[in-house]
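Below: one structure, written as C-alpha cells.
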Number of protein chains: 4
Amino acid sequence: MCMVMSVAVAGASGYAGGELLRLLSTHPEFEVGAVTAHSSAGAPLGRHHPHLTPLADRIIEPTTADVLAGHDVVALALPHGASGEIAAQLPDGTLVLDCGADHRLTDPEAWQLFYGTEHSGSWPYGLPELIHADGSKQRDRLGGVTRVAVPGCNVTAVTLALAPGLAAGVIAPDDIVAVLANGPSGAGKSPKTHLLASEIMGAASPYGVGGVHRHIPEIEQNLSLAADAPVSLSFTPTLVPMSRGILATVTAKLAGGGITTGDVRSAWEKAYADEPFVHLLPDGQWPTTAGTLGANTAHIQVTVDERAGRVVAVAAIDNLAKGTAGAAVQCANLALGLPETLGLPTMGVAP
Amino acid sequence: MCMVMSVAVAGASGYAGGELLRLLSTHPEFEVGAVTAHSSAGAPLGRHHPHLTPLADRIIEPTTADVLAGHDVVALALPHGASGEIAAQLPDGTLVLDCGADHRLTDPEAWQLFYGTEHSGSWPYGLPELIHADGSKQRDRLGGVTRVAVPGCNVTAVTLALAPGLAAGVIAPDDIVAVLANGPSGAGKSPKTHLLASEIMGAASPYGVGGVHRHIPEIEQNLSLAADAPVSLSFTPTLVPMSRGILATVTAKLAGGGITTGDVRSAWEKAYADEPFVHLLPDGQWPTTAGTLGANTAHIQVTVDERAGRVVAVAAIDNLAKGTAGAAVQCANLALGLPETLGLPTMGVAP
Amino acid sequence: MCMVMSVAVAGASGYAGGELLRLLSTHPEFEVGAVTAHSSAGAPLGRHHPHLTPLADRIIEPTTADVLAGHDVVALALPHGASGEIAAQLPDGTLVLDCGADHRLTDPEAWQLFYGTEHSGSWPYGLPELIHADGSKQRDRLGGVTRVAVPGCNVTAVTLALAPGLAAGVIAPDDIVAVLANGPSGAGKSPKTHLLASEIMGAASPYGVGGVHRHIPEIEQNLSLAADAPVSLSFTPTLVPMSRGILATVTAKLAGGGITTGDVRSAWEKAYADEPFVHLLPDGQWPTTAGTLGANTAHIQVTVDERAGRVVAVAAIDNLAKGTAGAAVQCANLALGLPETLGLPTMGVAP
Amino acid sequence: MCMVMSVAVAGASGYAGGELLRLLSTHPEFEVGAVTAHSSAGAPLGRHHPHLTPLADRIIEPTTADVLAGHDVVALALPHGASGEIAAQLPDGTLVLDCGADHRLTDPEAWQLFYGTEHSGSWPYGLPELIHADGSKQRDRLGGVTRVAVPGCNVTAVTLALAPGLAAGVIAPDDIVAVLANGPSGAGKSPKTHLLASEIMGAASPYGVGGVHRHIPEIEQNLSLAADAPVSLSFTPTLVPMSRGILATVTAKLAGGGITTGDVRSAWEKAYADEPFVHLLPDGQWPTTAGTLGANTAHIQVTVDERAGRVVAVAAIDNLAKGTAGAAVQCANLALGLPETLGLPTMGVAP
C-alpha cells in the first residue's frame, strides 16, 4: 500500500531549499512535489543546484499558495518575514515546516525589537533535543502538530551546546558568552559583495556584534526553558572560509564552588545518552564541523576550566542540515508519527 | 530472509577507507564487518573518522588475512603495492575489491615502467561506464567476478570525459592533452609537508608533470580500448585548495574536417544516455566538482573549439566517491548481481 | 630635489584598483593622488579596502576627466570598454596606464569578433618580458611612451610560459593547449551568484570554454610575435578556490624530432636569465601560485614529455600583481625612465 | 656611509623564519646574513620558501652558535624550549630576538606549570603597544635592550583587543572570555595529520580548550599589567581554513553601571590614537583578518552589549607578521634606535 507523502518546497533555488530537496529525495516516505521560487521560476532546477542530479530537469514553479496547496507537507525556505503570509493561506491540515524565523519567537515584543515588523505568531518549536528544566524534551511537544517553526542554525548550535548544563543546574544562566565560526552558506545565496569568494577566502570577520543579532532572543528563549530562569547572553558570530558548518564555543560560569567536572560531564551525558543525532564525543575529543557535513548530527564536547571558573561547551553542526533542512525533516517525522530518524543521514561527508 | 553480506575494509583509517565505510553503512545489502589498518590498529574508528558517527566506537583491527577472511566482500584501500600480497591469501570465492593500483594494468611492462616493481597480475577492471570500440561497456565484463581492480580517480575522470569521442571516431587518438584540478585528499592522509593546509590553501601547483605520472598507462589502456588504437596523452594534474574533487579538462583533435559539433555531442549523448551515474549536462552548462561531492556521479560537458580544431571535454567527479569508494560499491553490486545503483548516492552535497 | 609624481587611480574600489594603490603607496617616486570610482564615490576608501590602512580615510571621488587631469600618471582600472572614452579626454603628455582590455589588440577585427564593439585603437603593449622572434623584448618598445595597454592576467601567464620556446623555434606554434587554474579575484568585485564564497569554496569549474574567451586573441597576438607565425590555441580557464593566483599549464608539440630536453631548457634559460621578475625555477621544482602572491614575479618551469612529444610549460603569477597592477607600475617605470624594478615587490607572501 | 646591519635567522625553513626573511630583505637598515635550520641544512632556501625569490639560491646552514655569531642581530624562530640554550651562547652585545616562548614569562612557576620544563629566564617583552596601568607603553622599556622576547601571536591579538579597557578601568578584569579563529600556519610546518589540507579545509575545530593552552599565562601577564590587578581568562582558540590570520573576539564585563559606550570607545581611542600599527576602525566597521595579511598592523573594534553587560572587543592580526616576524623587526627597530616603523608594511595584501 502506497503511503508516500508529497512535499512541496518553497524557496527551492536557495541553499536551504536545495538541502531540503537533497534530504527529501532519499526519504522513504516522502516524494518531492512542487519546487517553487520567485525570480527563478521557469528555470530547470539543475541550473541552480547542479548537485541534485536526478532532479535537474524539474522546472521551478512560482511560489503561490495555489501551487503549494494539495501537498501533504509544505516546507518554506523563504527570507525572514515572507513565510507568515503564505502560511496563512495553507490548509490547517497540511503540515507546514517554516525554515524562516517568522514563527519561532513566543514573545511578540522580542520579535518587534529584533525584526521591527509585526509578529506572525508562534508555532511549535522544532528542536526535538531541547531539554526543558523539568527534564522533558521538546520532541514531546511535536507529535501530531501541523505547524513547525524550524530553529535558526546558530540557535541550534548554541542551544545544544549549553542547555544540558542549565537544565541540570550546574552552570549559571546569567553570564553566557557564545562565539561562533560560521560558513557563509548560512547567509544565503543572494549576491552581496561581502559574501564573494574573494572576500571570504583567507578571512575571518565577525558580524552582528554587540547584542544586535536576530538570533539572540531565540537562543535566550531556548536556554530560559532549560534553566527555568532568565538568561543573559553575549553572542558573536564570525564568518570563516568554509561553505557550511557552525562551530559554537559557549562558556558559562559554574553554578557554584562544589560542582565538579564529573557533575558537568554527567549532565551532558544524561541529556544526550539516548539522542540519535546529538553525540557527546569521547572525553578529550573536540568537535570539528567537518564531522557533521551533510549529516543531521550535532557533535558536542564540554569541559571545565578550573582557573577561569567556567564551563566551555562546543557544538559543531552543519547549518544547512541539522541547522535547517535536517531539522525540518526530523520534525516532519515526529509530527507525522514516523520514526524520528527516518531518511536522515547520521554520517557526514569528510574529508 | 536476510541476505545481508558482510564487508571488511582494509586501510580503514585512510580517506578511501573512510569513504568506503560511509557508503557501505547505508547500503541495504551490506553490513560493515572488520575495519582494519596498520598503525591505527587498536584505536576507535571515531578518532580517525569523526564523521562516521554511528561507527565511532568500532575498534580498528590489524590488517591480516585472518581478520579479513570470513567476510563476503573484502575492500582493500591500501597503498600501491600493498594489496597484491594480502589479496593472494584471500579465498577465491570472496569478492575482493582492490582500490589500489596493483591489479589495474594488463601490461606487465607498463607496470614495471611506471611502478618499478613486479606486476601482481591483472583483474577485471571496475569502470562500468567505459565504452569499448565495439560499443560494449565495461560493465558487461563485471557480472559474477570475484576480483575487481577499482580504477584510479584521475583515470576515471579523464576516461569518462573522452572515451565517447574515441569510440565514435569523432576525435583523433594521437594527441590528447589532459590537465586536472585535484583536491589533496587523493594524495592520502599520510602527513607530508607539501600537503599541509598552510601549503595548499591559496595555492595551485602541478605535480607529476612530463609524462611520469603513474596514472598515465592506465588512462592509455582505457582510451585505447575505446579507440581500438594506441593513444598518446599529455597528462598534468594540479593540486588546488579543495578537499575533494577532480575537474579534468581534456582536449583532442577532431578526427577530420567534416565532423560537426552535432556529431560530437551526439557521440557523448549516445554513450551516456542510459547511464545512471554519468550525466552529460545540458548544453552550455559546465561541470563543477561541487556538483558531485559525496555522490557516485560524474558530470560531463563537451564542446568543439572550431578555431583550434579541438574538442574540449570536461568531467567532474569526487575522487573518493565515484573516483574510488563509490566505484568499488558499484562494481560490488554488479559482481554480486545486485542492482547496479543500490546504496549509491546520486546527489552531491552542495554548497 | 623632490620629483615625486602624482598618480590617480580610476576604479579604485575594485580589486585591481586596490592593488594599484597598494603598490603605488610604497613606490619611492610616486604618490597617490585622486582615487576615483563610480558608485562608491563619496565613501572612504577604507570601507572598500580595509587592508589599505594608511589610505583608509581618503574619500573616493567620481571618475571624471576633470578629477583625473593634473596628475602625472593616470591608472585606469575600469571595466572592459570603459577606458577608451575617458582616455581620449586626458592630455597627451600624461602617462595613461589602461588595465582594461580596450587598447590591447592591434587587430580591429579581432576586437570586433571577441568584444562586439568598436575598437578604441591600439597602445604600446605592456608586457616587458615578451620575447619577439627577433630576440628583442617588448620593453624596448616602452621607453618614453605616454600610453600603455596593460596585458590581461591570463594572457601574461600563458605568454610568459610559452613564448621562449616559440622564439627559439623548439616548439610548434600550431597546436597549443592551455588550461588555467584561476582565483576568482580576476573576475572582479561585482556581486554575482557564481562568485559567492559558498559556490567557489570546494569547487573547481571551467568557464569560457571552446574558443570563446576574450583573452584568446591577445594571447595569439603575443605568441605570434614570438613565433613570427600564426599560432593556434585551445584555451580553458578554471575557477578554483583561492582568492588570487593563476597557474597556467601550457603544452605544445616539439618542433621536430631532433630537439632535446636540453634545447628546450636552454631556450627558456636564455629568455629569462636576466629578467628581474620572471624566474625559471631550478630543474624539478614546479611553480605554485603561493610563491608569487602579492609579488610582481612570475615563476616558470618547463619539461619535455617524450612519450607525448610535447613540451609542458607552467607559469604561476598573481593575477592582481604581475597580472595587472604590478605590470602597470613596471611599465610606468619603463615609460618614465625610472629603474624598471623600482617599488615592486619580488617576494611573495606565503604561506 | 653604510651602516647596514647583518641579521641571522635561525629556524629559517619554518613559517616564522620565512616571514622574518621576507621582512628583513626589504628593510633599509638590515641585510640577511646566515639562514640556518636543523634538518633542512644544506638545502637551498628556495626549496622551502619559493616565495622568497631573490633568496632562493641561499644555502641553509646548520643552527649553531658559531654560525650565528658575528651578526649584529640574531632572530631565533625555533620551537618552544629550543632558544634558551642557543641564546646563552651568543654575545651579550648582539641583539637577540626570540620568537619562541622561552623568555616571555616573568613568573618561573607559570612557566613550569604550562611548559613543564625549567625556566630560561625573562627578557624584555616585545609588545610595544601594550599599555600599562600607569598609562605608559611597553615600548618605553625596549630602547637599547639586547634581548627581546617576541610575544606569542594569540597573545598579541587578545592583549591588543582588551588592554585599553583594563588600563582605563572601564571593564572588569575578573571574567574575560576570549575565543579566537586561527589559521594553521601558527601551528608550524611540521607535518601532522590534523594539519593536512584535507583535514583543515571545510572545517572549524577548537584546540587547547579548558584553560590548558600555553598562551594563557602570557595573556594574563599582559592584561594584569594593564589592569594592575589579577585577571581571569577563559581562552579558546579555533582552527579555521585560512593559512594566516587571527581574529580574537574578547569580551569582558563593564566595570560598573555608569560606564557608557562613549567611555569605552574613548578608552580605546586614547590608547591607540598615535599608534602607527594598531588601528581602531571607524565606528561600525569590524576587523577582518584579510585586512592585515602580510602587514604589521592590528585592526581593532570595540562595542558595548548593553543587554549582556559586556564589552566586546575584536582584534585581527596576521599571526606571522604583527604576530611574530613583524613584531620582531619592530622591536629591533626600537632596540637599535631606528624609527619604529622602518621597513614594516602597513598595508595588507587583499583580497
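The numbers here are math on the coordinates, done by the rules we state, and not lab data. All figures in this text were calculated on a predicted structure; none of them were measured in a lab. Positions of Cβ are generated from backbone atoms using ideal geometry, with glycine treated the same way; all protein chains shown enter the neighbour counts.
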Mean per-residue count of partner chain Cβ within 10 Å for A:46-59 equals 6
Could you put B:38, D:103, C:132 in order, starting from the residue whose Cβ has the fewest other Cβ atoms within 10 Å? B:38, C:132, D:103
Spacing of the two label points (7 Å from each Cα toward its C-beta) at residue C:92 and residue D:117, in nm: 7.2
For residue C:86, what is the net charge nearby, where nearby means another residue's Cβ is under 12 Å from its Cβ and Lys, Arg count +1, Asp, Glu -1? -4
Per-residue Cβ counts within 10 Å, from other chains only, averaged over D:293-303: what number is that? 4
Can you give me the Kirkwood hydrodynamic radius for segment D:1-128, using every pair of distinct Cα atoms, in Å to one decimal? 15.2
Here the tail fraction of P(r) beyond 51 Å, over all Cα-Cα pairs of the protein assembly as shown, rounds in percent to 28
Evaluate E = 1/(1 + (r/R0)^6) for residue D:270 and residue C:39, where r is the Cβ-Cβ distance and R0 equals 45 Å; express this FRET efficiency to the nearest 0.05. 0.80
Between segment A:277-346 and segment B:270-292, what is the C-alpha centre distance in whole Å? 34
Grab the DSSP H runs of chain C that are 4 residues or longer, score each as -39,500 (n - 2.57), total them, divide by all residues and round the 222 nm result to the nearest 500 deg cm²/dmol. -7000 deg cm²/dmol
Can you compute the FRET efficiency between residue B:107 and residue B:307 using 1/(1 + (r/R0)^6), with r the Cβ-Cβ distance and R0 = 30 Å? Round to the nearest 0.05. 0.20
In whole angstrom, how far apart do the alpha carbon centroids of segment C:183-244 and segment D:39-89 sit? 40
Can you figure out the FRET efficiency of residue D:283 with residue D:26, using R₀ = 25 Å and their beta-carbon distance, to the nearest 0.05? 0.15
Projected-area mean, segment C:109-191, by convex hull of Cα positions, square nanometres: 7.8
Quick one: putting +1 on the C-beta of Lys and Arg, -1 on the C-beta of Asp and Glu, what dipole do you get for segment D:1-134 around its Cα centre, in Debye to the nearest 20? 540
Excluding residues fewer than 8 positions from residue B:189 in its own chain, the lysines with Cα under 18 Å of it are D:189, D:192
Per residue of A:12-25, how many C-beta atoms from partner chains lie within 10 Å of its own C-beta, taken as a mean? 2
Placing the label point 7 Å from Cα along the Cα-to-Cβ direction, what are the distances from residue A:28 to the equivalent spots in the other copies, shortest first, in nm to one decimal? 0.7, 7.6, 7.6
In Å, what is the Rg of the alpha-carbon atoms in segment D:63-164, and how long is Dmax? 14.2, 43
Normalised radius of gyration for segment B:198-351, please: alpha carbon Rg relative to 2.2 N^0.38 Å, two decimal places. 1.12
Using a label position 7 Å from Cα in the Cα→Cβ direction, what is the ascending list of nm distances from residue A:91 to the same site in the other copies? 5.7, 7.9, 9.3
Using a label point 7 angstrom from Cα along Cα-to-C-beta, what distances in nm, from shortest up, separate residue C:59 from the other copies? 5.4, 6.0, 7.4
Apply the Karplus parameterisation 6.51 cos²θ - 1.76 cosθ + 1.60, with θ equal to phi minus 60°, to every residue of segment A:207-219 and state each ³J(HN,Hα) to the nearest whole Hz, in sequence, with x for glycine and proline. 8, x, 7, x, x, 10, 6, 5, 7, 4, x, 6, 5
Taking only the C-alpha atoms, wrap a convex hull around chain A and report its volume per residue in Å³ as a whole number. 138
Cα gyration tensor of segment C:178-288 - equivalent ellipsoid semi-axes, whole Å, descending: 31, 18, 13
Using Cβ contacts closer than 10 Å as the measure, can you line up C:30, A:114, C:235 from fewest to most? A:114, C:30, C:235
Find the centroid of the Cα atoms in segment C:102-155 and in segment A:100-144, then give the distance between the two in whole Å. 63
For the residues D:199, A:340, B:85, B:220, what sequence is obtained by ranking on other C-beta atoms within 10 Å, fewest first? B:85, A:340, B:220, D:199
Along the Cα→Cβ direction, 7 angstrom out, place labels at residue D:141 and residue A:134. What is the inter-label distance in nm? 5.8
Relative contact order, percent, of chain B when contacts are C-alpha pairs under 8 Å separated by at least 6 residues? 17
